[in-house]
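Below you'll find the structure, written out as structure tokens, and then a few comments.
Each value in this text was obtained by applying a stated rule to the coordinates, not by laboratory testing. Nothing here was measured: the structure is a model prediction, and the numbers come from that model. All Cβ positions, even for glycine, are placed from backbone atoms using ideal geometry, and neighbour counts span all protein chains on display.
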């Protein structure tokens, strides 16, 4: 069954598509030009700030929150087509204040933050005044198993002392990044390995924090957002910065990563759709062996395979979103895991086929396909690797046959 979207979602889809056509697509090249100017890519890009003003004026702002006292909530199902539209451009999510990791961090603060934490950090994030970082993965351990996390959060009077090293800390490179959500162990000897961890708010200017380097993905630095390797050495924050309470880190992580995973997948549908469009346009404009590439049988098969894969994946995403809305993230964990495996793999295949049709240009900077592939391939790791999700799907399926 194809779900019915609310009137509000349909209206926003129309407004968002118009915004993409009038403002986002025409400014993609200008964004890249301004980002590259002056040699420093870790900066505020002027055209992005202009786009944010225009997005807010059109009511296209903070559309992602499924539950909130601060803005009108949006169901996961209603948000899915909006996120797909934004996913077609690498600059659209930030322009509408709907980009990772801020979306996930804002959801954490919405669900688990105290009134004081919300005032200090959530409000400026919702207003687009600051950006944030999520620090969970560590270079020294296999972070696909989050119980491996070694970073420590130790109570010392009215403060917590934080020590550890993180990497792939999304958002760390942005000069507007003012707050980290940090995951570490407060009780490493607890018999329940899922109650050893906690999450805590760490202002980015706290003494003891050092960004060791910004990491690249197939050579892309993802500036000005970026992914940092960061050391935390005797970093002290007030005890009031603890989120929800000691030992609640896994609980928060599940509340955060479920929506985060589906947002990634929603955007990936848009990436794949645009890659298919580019493939079709390129195939029709190129002549090989006496006829357009679009008339070559192998190209027709690729186009058909791409269309089938995209539509299958979209329906899986809609199903997961609907289940999250109706029975909750926990009960929808199998469906979330399924799309987290299926969608990035599908997008990688579609982008790869589009690259093949583009010829040598497909792997160059001339088109957006190479960077799209790098990002899509990364999502087979981000928020849990394929192997972890497949194992979960298999275990949940086996439970049905006890």
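If packing is taken as the average number of other Cβ atoms within 10 Å across a peptide's residues, how do 329-338, 284-293 rank, most packed first?
Going from most to least packed, we get 329-338, 284-293.
Looking at (1) 1.26; (2) 1.00; (3) 1.21, which value of Cα Rg over 2.2 N^0.38 Å comes from a calculation on the structure shown?
(2)
If I fit a long axis through the Cα atoms of helix 249-285 and take the longest principal axis of the Cα atoms of the chain, what angle between them do I get, 0 to 90°, rounded to 10?
Its long axis makes an angle of about 20 degrees.
Give, in whole angstrom and from largest to smallest, the semi-axes √(5λ) of the equivalent ellipsoid of the range 136-239, with λ running over the eigenvalues of the Cα gyration tensor.
Each semi-axis is √(5λ); the values are 24, 17, 10 Å.
Between residue 391 and residue 330, what's the calculated FRET efficiency when r is the beta-carbon distance and R0 is 22 Å? Round to 0.05.
0.80
Using 1/(1 + (r/R0)^6) with R0 = 25 angstrom and r between the beta carbons of residue 364 and residue 287, what's the FRET efficiency to the nearest 0.05?
0.80
Label-point separation (nm) for residue 4 and residue 234, each offset 7 Å from Cα along Cα-to-Cβ?
Each label point is offset 7 Å from its Cα along the Cβ direction, giving 6.4 nm.
Could you check the spin-label model distance between residue 220 and residue 300? Points 7 Å from the Cα along Cα→Cβ, value in nm.
Each label point is offset 7 Å from its Cα along the Cβ direction, giving 3.3 nm.
Mind checking the angle between helix 76-87 and the chain's longest principal axis? C-alpha axes, 0 to 90 degrees, to the nearest 10.
That works out to roughly 60 degrees.
I'd like the distance separating the alpha-carbon centroids of the range 62-99 and the range 145-204, in whole Å.
27
222 nm [θ] for the chain, helices only, -39500 (n - 2.57) per DSSP H run of 4+, per residue, to 500?
Taking each H run of at least 4 residues, the total per residue is -15000 deg cm²/dmol.
With N set to the number of residues, divide the alpha-carbon radius of gyration of the range 7-113 by 2.2 N^0.38 Å and report two decimals.
1.11
Quick one: 156, 174, fewest Cβ neighbours within 10 Å first, how do they rank?
Ranking 156, 174 by Cβ neighbours within 10 Å, fewest first, gives 156, 174.
Fewest Cβ neighbours within 10 Å first, please rank 35, 51, 300 accordingly.
300, 35, 51
How would you rank 401, 375, going from fewest to most other Cβ atoms within 10 Å of each one's own Cβ?
401, 375
Against the longest alpha carbon principal axis of the chain, how many degrees, from 0 to 90 and to the nearest 10, is the axis of helix 25-36 turned?
Taking Cα atoms only, the helix is inclined about 60 degrees.
For the range 250-399, count all C-alpha to C-alpha pairs, find those more than 28 Å apart, and express that count as a whole percent of the total.
The share of Cα pairs beyond 28 Å in the range 250-399 comes to 27 percent.
Antiparallel DSSP bridges in the chain: what percent, to the nearest 5?
Roughly 85 percent of the beta bridges in the chain run antiparallel, per DSSP.
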